[in-house]
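Participant: Handing you this structure, nothing more for now.
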Amino acid sequence: ATPTSIMVGTGRAAQMGVLLRKGEALQQLKDAKVVAVDKTGTLTKGRPELTDLVLAAGFGRGQVLALVAAVEDRSEHPIARAIVDAAKAEGLQIPVISDFESVTGFGVRAEVDGDGIKYRVEIGADRFMRKLGLNVDDFAAESGRLGDEGKTPLYAAINGQLAAMIAVADPIKDTTKPAIEALHALGLKVVMITGDNRRTGEAIARLLGIDEVVAEVLPGGKVDAVQRLKQEHGMLAYVGDGINDAPALAEADVGIAIGTGTDIAIEAADVVLMSGDLSGVPNAIALSKATMKNIG
Ligand code: ADP
Ligand code: MG
């Protein structure tokens, strides 16, 4: 393509809310074979809500929710806000905490001061509980059922005892499914890469018609998945919004950040979707094909 055609294409892209940070992106997108996407905040709204709280014997709802919300109040994960909002909606007092720690990809923990009594509270994925030596089998059937509904099952431990299973659900953006259908119509494969539970990821992928799911990915694992998918399928575009997406955005042939996402993701990307949703991806690929064909 000539410099003029690239300029025209870049202008067209901007009109569609697709910001091209690197000129090559417009040339490369037409050859993309696979689009890998992050789940939370990219396919979904990134605003989960608490839907279920199943207690273990001997624990009370108000007590567990207040202790867990106290810890989550320090976390920046979207899951955290869901839990804090639920506790506040139930009128619970959020206790004071100390020794907060975020175990990336697993969950969070802290000491919580509940009326002068100290509690050790841990909350996170089933793998976090297993790491702590706790058995989550009693909740396995229930968590599988919730996962199949597209909800994310989490576990809370208090003083080293499994206290509850908590589920959160993050609604899918209205624009996601049509965008995936448009990508399929352009002949691309769509793969979801997520740190979330496998059953949850697969349920959401089924709803959206996504071709492949890489789930329960630990921090750093997104880059490995991108490398493998590039070898398997060829030229790859990666779409994400979070801090933990930055390495995958850099590793992809074309990194595409959601404009409403974190600055770190935007800086790592070649393309930014100002609309804040996935629909810009098929639009940009179609534009790339048109630009390169007409003036090639
Ligand atoms: P993702 O961005 O796909 O959610 P993360 O690595 O941030 O990936 O998180 C992976 C999993 O770790 C989450 O699905 C959740 O089960 C658990 N987790 C992470 N942070 C928290 C938190 N603040 N509270 C509870 N669970 C958490
Ligand atoms: Mg995300």
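Participant: Can ALA286 be described as at pLDDT 95 or above, under 24 Å from ASP174 (Cα atoms) and more than 14 Å from ligand 1 (Cβ to nearest atom)?
Facilitator: Spelling it out, it is not the case that ALA286 is at pLDDT 95 or above, under 24 Å from ASP174 (Cα atoms) and more than 14 Å from ligand 1 (Cβ to nearest atom).
Participant: Sort out which residues of region 157-207 are of a type in the set (Gly, Ala, Ser) and either away from ligand 2 (no atom under 14 Å from the Cβ) or over 24 Å from ARG47 (Cβ atoms) (or both), and write them in order of number.
Facilitator: Listed by number, the residues that qualify are ALA157, GLY160, ALA163, ALA164, ALA167, ALA169, ALA179, ALA182, ALA185, GLY187, ALA203, ALA205.
Participant: So ALA185 passes all but one of these: (1) surrounded by fewer than 21 Cβ atoms within 10 Å (Cβ to Cβ); (2) closer than 22 Å to GLY107 by Cβ; (3) of a type in the set (A, V, I, L, M, F, W, C). Which condition number does it fail?
Facilitator: With (1) surrounded by fewer than 21 Cβ atoms within 10 Å (Cβ to Cβ); (2) closer than 22 Å to GLY107 by Cβ; (3) of a type in the set (A, V, I, L, M, F, W, C) applied to ALA185, the lone miss is (2).
Participant: When ASN244 is evaluated against the numbered criteria (1) modelled with pLDDT of 95 or more; (2) surrounded by 18 or more Cβ atoms within 10 Å (Cβ to Cβ); (3) under 22 Å from GLY107 (Cα atoms), which criterion, by number, is the only one it fails?
Facilitator: Condition (1) is where ASN244 drops out.
Participant: Sticking with this structure for a sec: Name the one entry in ILE83, ILE79 that is hydrophobic (A, V, I, L, M, F, W, C), under 23 Å from GLY195 (Cα atoms) and within 14 Å of the chain's Cα centre (by Cα).
Facilitator: From the options ILE83, ILE79, the qualifying one is ILE79.
Participant: Strands (runs of 3 or more DSSP E) wholly in region 11-106 with at least 3 residues that are among the aliphatic types (A, V, I, L, M), under 21 Å from LEU134 (Cβ atoms) and not assigned by TED's automatic domain parsing to the domain that holds ALA185 - which ones?
Facilitator: 49-55
Participant: So, one more: Filter region 212-234 for residues that are buried (at least 16 other Cβ atoms within 10 Å of the Cβ) and assigned to a loop (DSSP other than H, G, I, E, B) and give the result.
Facilitator: ALA215, GLU216, VAL217
Participant: To continue, here is another question. Tally up the residues in region 226-253 that are within 15 Å of ligand 2 (Cβ to nearest atom), farther than 21 Å from GLY187 by Cα and of a type in the set (A, V, I, L, M, F, W, C), please.
Facilitator: Qualifying residue count, region 226-253: 4.
Participant: Quick check on my filter: what residues within region 29-61 are within 16 Å of ligand 2 (Cβ to nearest atom) and surrounded by fewer than 20 Cβ atoms within 10 Å (Cβ to Cβ)?
Facilitator: LYS45, ARG47
Participant: Any chance region 125-148 includes a residue that's within 23 Å of the chain's Cα centre (by Cα), of a type in the set (S, T, N, Q) and in a strand (DSSP E or B)?
Facilitator: Checking region 125-148: not a single residue is within 23 Å of the chain's Cα centre (by Cα), of a type in the set (S, T, N, Q) and in a strand (DSSP E or B).
Participant: Report whether or not LYS189 is in contact with a Lys or Arg (Cβ under 8 Å, 6 or more places away or on another chain), over 28 Å from GLU142 (Cα atoms) and in the same structural domain as LEU278 (by TED's automatic domain parsing). Write out each step before concluding.
Facilitator: Numbers: in contact with a Lys or Arg (Cβ under 8 Å, 6 or more places away or on another chain): yes; over 28 Å from GLU142 (Cα atoms): yes; in the same structural domain as LEU278 (by TED's automatic domain parsing): yes.
Criteria met by LYS189.
Participant: Within region 90-102, track down each residue that is loosely packed, with under 14 Cβ neighbours inside 10 Å and of a type outside the set (Asp, Glu).
Facilitator: GLY91, GLN93, VAL96, SER98
Participant: Residues that are at pLDDT 95 or above, within 14 Å of ligand 1 (Cβ to nearest atom) and out of contact with any strand residue (DSSP E or B) (no Cβ under 7 Å at 6 or more places or on another chain): does region 27-38 have at least one?
Facilitator: no
The values are calculated or read from the model by the stated rules, or taken from the named source; none is laboratory data. Because the structure is predicted, anything quoted here is derived from the model rather than measured. For neighbour counting, all protein chains shown are included, and Cβ atoms are generated from backbone atoms with ideal geometry for every residue, glycine included.
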